[in-house]
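**Q** Below is the structure I would like to discuss, written out as structure tokens.
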Amino acid sequence: MVPPFASVETLRLLEGFGLTGSWSWGFAENEHAWSPGLFRILGVPSGTVRADYRLLHSLIHPADRPSTMSPASIQHAGLLTEQTFRILRPDSTLRTVMSRGEIIVSPTGRPLRAHGVLIDVSDREALARAHAAQRRRERAIFEKVRAFTSTTAIYPFRTFSPEWLELVGLPEAELLDEPTRPVVATERRHWRDYGRECYQTHRIVHTLPTLTLANGETVPYRMVMIPVLDGQGTLEHWTNYIGPAGLPVRAAGPMLEGLEQRLEGHHIRAARALLDWSMADLSRASGLSFSTIRRLEGGGEALVPSSRHRAIAALRAAGILFSLVEGSTIVVGKPGAA
């Protein structure tokens, strides 16, 4: 049975995503209705139980159960507030849902009917937990080796990462006025001019300045800023790495993506040569057509990120290394090659 406050077509469209379910309860007739999506969220097969708000309430995790959602409360208080809580399904799995509801009252204020919607936000909660765990890992790395990555949306700078501010111990306002202020005075002009030119021409910025840290130490640092392009080849953001100069670095995530965008046909040809592969070999290893490999090596596939990524992934799997050396130069290598 479909709740009377929503059309079948509207429910079908909304619940097609598998994240929404709705319910209703007519108090006078004690008539209950659940949408198909609600059965799925609750983990109860449709047709195996009768829709009943009391059953819905009993499936709310005991530690999360809002008093305002008790059957007695909504029947008599006439109020449903937005809540987020966990559903404890019959198979013992948990889902996190957001609940929104409304109570219809008579002209005299007597509650007549309640209806509501549950929105499954479990994946969002899991994503938030994953992001929090990643931030903790990044923080632990920073505290141990004083290295970090960050993202810059725009140049000239409008803001700085918390790690950079902590590392150099300078107020953000002072850095906005002169971003190279942490660089020792004898190197400041050189790296400022070099970095500005790279930023303005959207080239990789790879510098090795000596920084004055918050504790007064002067330490050689490696600073890499890589422009990342969107699907149309337009600059989307800069991804940055900052760490002690002697610390080994391996690109991952957005930094790896930005570096791959800088690989050109001659890099792929050189990688093939180190492997003694033909274009047909690379085609088989990557699952790309021979004509796609030929266009990639000729620079014709610059705006097809998936093709580029598959070719590079196949080369890496075969042992090829792409390394950023002095400046913005990318070299191709293979362990054991002469």
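The values are calculated or read from the model by the stated rules, or taken from the named source; none is laboratory data. Predicted model only: the values in this text are computed from it and were never measured. Neighbour counts run over all protein chains shown; Cβ positions are idealised from the backbone, glycine included.
**Q** Mind telling me which of the residues I141, I154 ends up being among the β-branched types (V, I, T) and either surrounded by 13 or more Cβ atoms within 10 Å (Cβ to Cβ) or part of a strand (DSSP E or B) (or both)?
**A** I141
**Q** I'm checking my understanding of the structure. Among residues of segment 281-292 that are assigned to a helix (DSSP H, G or I) and within 17 Å of A317 (Cβ to Cβ), which one is nearest to the chain's Cα centre (by Cα)?
**A** Looking at residues that are assigned to a helix (DSSP H, G or I) and within 17 Å of A317 (Cβ to Cβ), I get S286.
**Q** Condition test on S92, is it closer than 17 Å to L55 by Cβ and either touching a residue at least 12 places away in the same chain (Cβ under 8 Å) or charged (D, E, K, R) (or both)?
**A** No; evaluated as a whole, the condition is false for this residue.
Residues checked against (1) of a type in the set (F, W, Y); (2) closer than 19 Å to V97 by Cα; (3) at pLDDT below 90:
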{"site": "S7", "(1), (2), (3)": "no, no, yes"}
{"site": "T10", "(1), (2), (3)": "no, no, yes"}
{"site": "W23", "(1), (2), (3)": "yes, yes, no"}
{"site": "F27", "(1), (2), (3)": "yes, no, no"}
{"site": "F39", "(1), (2), (3)": "yes, yes, no"}
{"site": "I60", "(1), (2), (3)": "no, yes, no"}
{"site": "S73", "(1), (2), (3)": "no, no, yes"}
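**Q** I103 - would you say it is modelled with pLDDT of 80 or more, of a type in the set (A, V, I, L, M, F, W, C) and in the same structural domain as T20 (by TED's automatic domain parsing)?
**A** Against the criterion (modelled with pLDDT of 80 or more, of a type in the set (A, V, I, L, M, F, W, C) and in the same structural domain as T20 (by TED's automatic domain parsing)), I103 qualifies.
**Q** Scan segment 117-134 and tell me whether some residue there is over 13 Å from the mean Cα position of the chain (by Cα) and among the basic types (K, R).
**A** no
**Q** On the given criteria, is A313 more than 27 Å from the chain's Cα centre (by Cα) and either surrounded by fewer than 18 Cβ atoms within 10 Å (Cβ to Cβ) or modelled with pLDDT of 90 or more (or both)?
**A** When the stated conditions are applied, A313 does not pass them.
**Q** Further question on the same structure: Can you pull out every residue in segment 30-84 that is closer than 14 Å to G116 by Cα, surrounded by 13 or more Cβ atoms within 10 Å (Cβ to Cβ) and of a type in the set (D, E)?
**A** D52
**Q** Which is under 17 Å from Y241 (Cα atoms) and touching a residue at least 24 places away in the same chain (Cβ under 8 Å), of F148, F85, F157?
**A** Among F148, F85, F157, only F148 is under 17 Å from Y241 (Cα atoms) and touching a residue at least 24 places away in the same chain (Cβ under 8 Å).
**Q** Of the residues in segment 170-202, how many are over 21 Å from V219 (Cα atoms) and not polar (S, T, N, Q)?
**A** 8
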